[in-house]
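See structure below.
The values are calculated or read from the model by the stated rules, or taken from the named source; none is laboratory data. Nothing here was measured: the structure is a model prediction, and the numbers come from that model. In this analysis, Cβ positions are derived from the backbone assuming ideal geometry, glycine residues included, and neighbour counts consider all displayed protein chains. What goes into the accessible areas is simple: the full protein's heavy atoms, side chains included, and nothing from ligands, DNA or RNA. Shrake-Rupley method; radii C 1.70, N 1.55, O 1.52, S 1.80 Å.
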Amino acid sequence: MTTTYAALLRGINVGGSRKVPMADLRTLLADLGLEDVRTYLQSGQAVFAAGHGDEESLAGEIARAIEKRFGFGVDVIVRDHAYLRAIADACPFPAADLEPKQLHVTYFSAPVTPDRFAEIDQEAYLPEEFRLGDRALYLYAPNGLGRSKLAEHLSKPRMTKGVIATSRNWNTVVKLVEMTGV
């Protein structure tokens, strides 16, 4: 039996560095024995089916293969369709009423607790807001991520210490649910 997954690669093809061409990524994943490999955009999303492993072991396998092939390390999070669907369904913000650029999900490699973010005075950042989910953080940034002071604070190393964290806008969140649901 195979399971369909999305691999989320952190920090590739940004600003001309850490280039991973999507055609090469598809070939690399197929060479690992993964099936029905597809990519979405150039910013590090791949969808595939696997009959072996689990999310953690597949993420490690993909990360090692990328480092061997491209010569640099890339953090990878792998999640299955059920998880991605649950994250989209559990969004605490009215996604249908917002512009996709206003809503983001940060996926974490492991669970995080509210204690990690206790120092943040959420009222000081209003109307920006965040809420925690299952290995995820939902961020509402009405003026977009690039102008978000809250996003800047949330991305500080002390906020993500010990976990891999990678963010996607709402369009990508929805597209990955769609792509893995096949």
Next on the checklist: Are there helices (runs of 4 or more DSSP H) fully within the range 122-182 with at least 2 residues that are of a type in the set (S, T, N, Q) and either under 23 Å from L84 (Cα atoms) or more than 16 Å from the chain's Cα centre (by Cα) (or both)? List them.
Outcome noted: 170-180
Checklist entry - Among the residues of the range 105-120, is there at least one that is over 15 Å from the mean Cα position of the chain (by Cα), within 19 Å of Q45 (Cβ to Cβ) and charged (D, E, K, R)? => result no
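Residues checked against (1) surrounded by fewer than 18 Cβ atoms within 10 Å (Cβ to Cβ); (2) modelled with pLDDT under 95:
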{"position": "E119", "(1), (2)": "yes, yes"}
{"position": "L126", "(1), (2)": "yes, no"}
{"position": "E129", "(1), (2)": "yes, no"}
{"position": "G144", "(1), (2)": "yes, yes"}
{"position": "T180", "(1), (2)": "no, no"}
Item to check | Residue check, S57 over 21 Å from V182 (Cβ atoms), surrounded by fewer than 18 Cβ atoms within 10 Å (Cβ to Cβ), out of contact with any helix residue (DSSP H, G or I) (no Cβ under 7 Å at 6 or more places or on another chain) and modelled with pLDDT under 90 | outcome: no
Checklist entry - In the set L34, L25, which member is under 21 Å from N171 (Cβ atoms) and open to solvent by less than 50 Å² (accessible area, probe 1.4 Å)? => result L25
Checklist entry - Looking at (1) over 22 Å from K175 (Cα atoms); (2) touching a residue at least 40 places away in the same chain (Cβ under 8 Å), can you tell me which one T113 breaks? => result (2)
Next on the checklist: Based on this model, can you work out whether R79 counts as open to solvent by 10 Å² or more (accessible area, probe 1.4 Å), modelled with pLDDT of 95 or more and closer than 27 Å to P100 by Cα?
Outcome noted: yes
Checklist outcome for this item: Listed by range, helices (runs of 4 or more DSSP H) wholly within the range 4-108 having at least 2 residues that are polar (S, T, N, Q) and more than 21 Å from V163 (Cβ to Cβ) are none
Checklist outcome for this item: In the set R10, R18, the lone residue that is modelled with pLDDT under 95, under 20 Å from V174 (Cα atoms), open to solvent by 60 Å² or more (accessible area, probe 1.4 Å) and among the basic types (K, R) is R10
Item to check | Index of the failed condition, A96 passing every other in (1) surrounded by 13 or more Cβ atoms within 10 Å (Cβ to Cβ); (2) free of Cβ contacts under 8 Å to residues at least 24 places away in the same chain | outcome: (1)
Item to check | Conditions (1) on the phi > 0 side of the Ramachandran plot; (2) among the basic types (K, R); (3) without any contact (Cβ under 8 Å) to a residue 12 or more places away in the chain; number of the one not met by R135 | outcome: (3)
